[in-house]
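Presented below is the structure to which this report refers.
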Amino acid sequence: MTTKAASPSALAHLAFCQQHESEMLSLLRKMVEIESPSDDKAAVDRMGAFLAEVFERLGGQVTFYPQEVAGNHLKAEFAGGASDRTSGKPVLLLGHFDTVWPIGTLAKMPFRMEADRAFGPGVYDMKAGIAMMIFALRALKEAGAAHRPVTILLDTDEEVGSTTGRPIVEATAKDCEAVLVLEPSQGPQGHLKTSRKGVGDITIRVRGRASHSGVDFEKGRSAIVELARQLLEIVKFTDLGRGITVNPGVIQGGTRSNVIAAEAWAEVDLRIARAADAAELEKKFAALKPFDPDCAIELSGGINRPPMERTEGTVRLFGIAREIGASIGWKLEESSTGGGSDGNFTSALGIATLDGLGALGEGAHASNESVVIRELPQRTALLAGLIQSV
Ligand SMILES: [Zn+2]
């Protein structure tokens, strides 16, 4: 990895992207109008087929990873631009084309442009990021720029935990020099993301004993009361100073108010800032004992996305990004987030990963989901510059 940013051409990339802004927006519109919820394989596969065609037209070698339930994951490989680095390890552009929006959302939330924003389901998370990948490659081609080979990997179940995408993301990243993640940028200034928390979830299930609350009160063992006591223990595991949070986000149990509840359960979200904290936190859960010896507790789950820590490799990539940004008059900043992405997996493997390179916007997973149009060209130019400099 070189540390010198290819600043002279970032301006050229910016000019290219500005000239092609309306073309980029019409591609974005097409993508948003192909709805692709994670849990609808046929729909996600339609999106994959559309993208495969776009990548092939750009000269990419497309590979699908067929899946039975999830949509087929998609890889596109592009040769390096003329340089001594054409035979080097590729740079990986990482993202996903599934969204959280069910089919039919478009009817209520159609793609529209208003006041320098483009709105629509999945526009920000993260179809704009995919459009940026495509136009960054086009800008590099147009400039005849020297760069490494580029691999684009887009999975289809990121929004539901990347269960089938994860091994493919990891296997692909292992052969790459660096990973650039086109997930949305952070906050109203659009900071890049240099660290992300690890994510987990644990289900705690309590079994008590049912009885009639009026006739046989003392024979019952309330699973609800036991669960409530367990939750008060669990929330003590939160340690804000260390970036550890524990949130019982869903709770359910019982049948009727006049029945002592035989069953109750809670789904608990976990976040950790450091990989080293995972084992200790999981151990604390495993050590939970029922307060009432006649109740039984059962735990399942654990940490499923390791944290993306602010490693030396990530800091180096951010340094390059900042130089490129400065060369087009843009002061870039970094931040951390509690949310996870597929970048967590690649970073945990020790591969330099920079995240949040996608669009500036707001409302991911919300009805005001939108991206800021005027920022798209400069963010795409930054991506092109990074591909050239890694
Ligand atoms: Zn996303």
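The values are calculated or read from the model by the stated rules, or taken from the named source; none is laboratory data. The model shown is predicted, which means the values in this text are computed figures rather than measured ones. Counting neighbours? That spans all protein chains shown, and the Cβs are built from the backbone with ideal geometry, glycine included. Remember, those area values only see protein heavy atoms, side chains included, never the ligands or the DNA or RNA. Shrake-Rupley method; radii C 1.70, N 1.55, O 1.52, S 1.80 Å.
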Overall dimensions of the chain as given by Cα atoms, namely Rg and Dmax in Å: 23.6, 84
Percent antiparallel among DSSP beta bridges (both partners in the chain, rounded to 5): 75
Relative contact order of the chain, defined on C-alpha pairs under 8 angstrom at six or more residues apart (%): 26
FRET efficiency estimate (nearest 0.05) - Cβ-Cβ, residue 316 to residue 288, R0 51 angstrom: 0.75
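What's the ranking of 234-245, 312-323, 256-267 by average number of surrounding C-beta atoms within 10 Å, highest first?
Answer by packing, highest mean first, reads 312-323, 256-267, 234-245.
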Average accessible area per residue (Å²) across the chain - probe 1.4 Å, nucleic acids and ligands excluded: 42
Residues residue 229 and residue 374, FRET efficiency given R0 of 51 Å [Cβ-Cβ distance, rounded to 0.05]: 0.40
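With a 10 Å radius around each residue's Cβ, average the other Cβ atoms per peptide and rank 127-137, 188-198, 209-219, highest first.
127-137, 188-198, 209-219
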Contour excess over end-to-end distance, with Cα ends at residue 58 and residue 18 and 0.36 nm allotted per residue: 12.5 nm
Inter-label distance for residue 279 and residue 39, nm, one decimal - labels placed 7 Å from Cα along Cα-to-Cβ: 3.6
Carbon + sulfur, % of accessible area of the stretch 109-199 - ligands and nucleic acids excluded, 1.4 Å: 51
Full-extension gain in nm, residue 238 to residue 46, via 0.36 nm per residue minus C-alpha separation: 64.9 nm
Difference of contour (0.36 nm per residue) and Cα-Cα distance, residue 218 to residue 175: 9.2 nm
